[in-house]
Amino acid sequence: MTYTLVGELPRHIYCYVDSCYTHVEPEGFIPAVWFGLVSYPGRVWGCTVMLESGAIYRNVPAHGIGFSRHPAGVWQPKDVQTWDCYGERFTTLEYRYLAGLEVKVRCDNVVYGGEYLFTAAPVGDGFSAYPEQAKEFCFIRLINDRLAIQPTNHVVFRERSFTGDEFQMPKGLKRQVDIWSAE
């Protein structure tokens with residue numbers, strides 16, 4: 001596990017990068033391999049990628065990542081993630097149980113379908129120690145070929161042998177607010 005400002009993904013991901021972030025003369029979305037993350041407080045997650053030329057770019061903004069040469073629409077930071085990063089330290093992991101499950105995610109009050117990629121969990125910052133503020137962020141490939149990075153309270157998963165037929169964003173869930181100790 002990595003607890004750092006700059007870290008690795010659990011596995012590399014083939015994607016496309018908006019070349020306006022990498023080239024003097026942009027040419028749309030170009031192939032890349034995404035393999036790292038950057039977390040600066042008060043900013044969107046940054047993505048570290050390798051281009052076909054072998055060049056490495058660190059801190060490509062998350063809204064500059066796509067999963068085809070022509071992802072849907074013009075994507076802004078608020079479309080990707082609800083919260084900026086609130087610390088420099090995080091760990092990444094891929095929950096095997098969630099891998100491959102169908103996902104619904106709420107991004108800027110619009111619900112999209114998608115596929116779970118991995119999770120980033122902030123640690124050691126002023127928010128993560130408090131249950132009502134502690135969040136893990138699910139990284140999701142949306143059906144519109146865009147990236148979403150949303151806290152778990154904006155995501156639902158369908159596990160057909162357990163969750164049943166209704167696949168909606170739940171209502172009436174209680175936010176965790178208690179801290180428990182044995183001593």
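The values are calculated or read from the model by the stated rules, or taken from the named source; none is laboratory data. All of these numbers come straight from a predicted model, not from anything done at the bench. Note: ideal-geometry Cβ built from the backbone for every residue, glycine included; neighbour counts use all protein chains shown.
Here is a check on your reading of the model: is Asp145 at pLDDT 90 or above, under 12 Å from the mean Cα position of the chain (by Cα) and not basic (Lys, Arg)?
On the way: at pLDDT 90 or above: yes; under 12 Å from the mean Cα position of the chain (by Cα): no; not basic (Lys, Arg): yes.
So Asp145 fails the test.
Just to be sure before I move on: is Phe118 at pLDDT 95 or above, in contact with an Asp or Glu (Cβ under 6 Å, 6 or more places away or on another chain) and either under 19 Å from Glu8 (Cα atoms) or loosely packed, with under 15 Cβ neighbours inside 10 Å (or both) in the structure I sent? Before you say what the answer is, go through the steps one by one.
Numbers: at pLDDT 95 or above: yes; in contact with an Asp or Glu (Cβ under 6 Å, 6 or more places away or on another chain): yes; either under 19 Å from Glu8 (Cα atoms) or loosely packed, with under 15 Cβ neighbours inside 10 Å (or both): yes.
Yes, satisfied.
Which residue, of Thr119, Thr163, is closer than 21 Å to Pro61 by Cβ and of a type in the set (Ser, Thr, Tyr)?
Numbers: Thr163 fails: closer than 21 Å to Pro61 by Cβ.
Only one candidate passes the filter, namely Thr119.
Restricting attention to segment 55-76, report how many residues are outside any strand (DSSP E or B), out of contact with any Phe, Trp or Tyr (no Cβ under 6 Å at 6 or more places or on another chain), modelled with pLDDT of 95 or more and surrounded by 17 or more Cβ atoms within 10 Å (Cβ to Cβ).
Matching residues across segment 55-76 total 2.
For segment 77-95, give me each residue that is assigned to a strand (DSSP E or B) and within 14 Å of Ser39 (Cβ to Cβ).
Looking only at segment 77-95, we keep the residues that are assigned to a strand (DSSP E or B), and these are 81, 90-93.
Passing the criteria: Gln81, Phe90, Thr91, Thr92.
Residue check, Thr91 against (1) in contact with a Ser or Thr (Cβ under 8 Å, 6 or more places away or on another chain); (2) under 20 Å from Val155 (Cα atoms); (3) surrounded by fewer than 15 Cβ atoms within 10 Å (Cβ to Cβ); (4) of a type outside the set (Gly, Ala, Ser), all met but one. Which one?
With (1) in contact with a Ser or Thr (Cβ under 8 Å, 6 or more places away or on another chain); (2) under 20 Å from Val155 (Cα atoms); (3) surrounded by fewer than 15 Cβ atoms within 10 Å (Cβ to Cβ); (4) of a type outside the set (Gly, Ala, Ser) applied to Thr91, the lone miss is (3).
Please list, ordered by first then second residue, the pairs with beta carbon atoms under 7 Å, 6 or more apart or interchain, first in segment 55-74 and among the polar types (S, T, N, Q), second part of a loop (DSSP other than H, G, I, E, B) and surrounded by 13 or more Cβ atoms within 10 Å (Cβ to Cβ).
Ser68/Asp145
With touching a helix residue (DSSP H, G or I) at 6+ places or on another chain (Cβ under 7 Å), β-branched (Val, Ile, Thr) and over 30 Å from Asp165 (Cα atoms) as the only criterion, which of Val105, Val74, Val60 stands out?
On the way: Val105 fails: over 30 Å from Asp165 (Cα atoms); Val74 fails: touching a helix residue (DSSP H, G or I) at 6+ places or on another chain (Cβ under 7 Å).
The conditions single out Val60.
Please indicate, with yes or no, whether at least one residue in segment 9-23 is in a loop (DSSP other than H, G, I, E, B), modelled with pLDDT of 95 or more and over 16 Å from Val123 (Cα atoms). Spell out the reasoning first.
Quick first cut of segment 9-23, residues in a loop (DSSP other than H, G, I, E, B) only: 22-23.
Filter once more, so that each one left must be modelled with pLDDT of 95 or more: 22-23.
This time we only want the ones that are over 16 Å from Val123 (Cα atoms), so: 22-23.
Yes: one or more hits.
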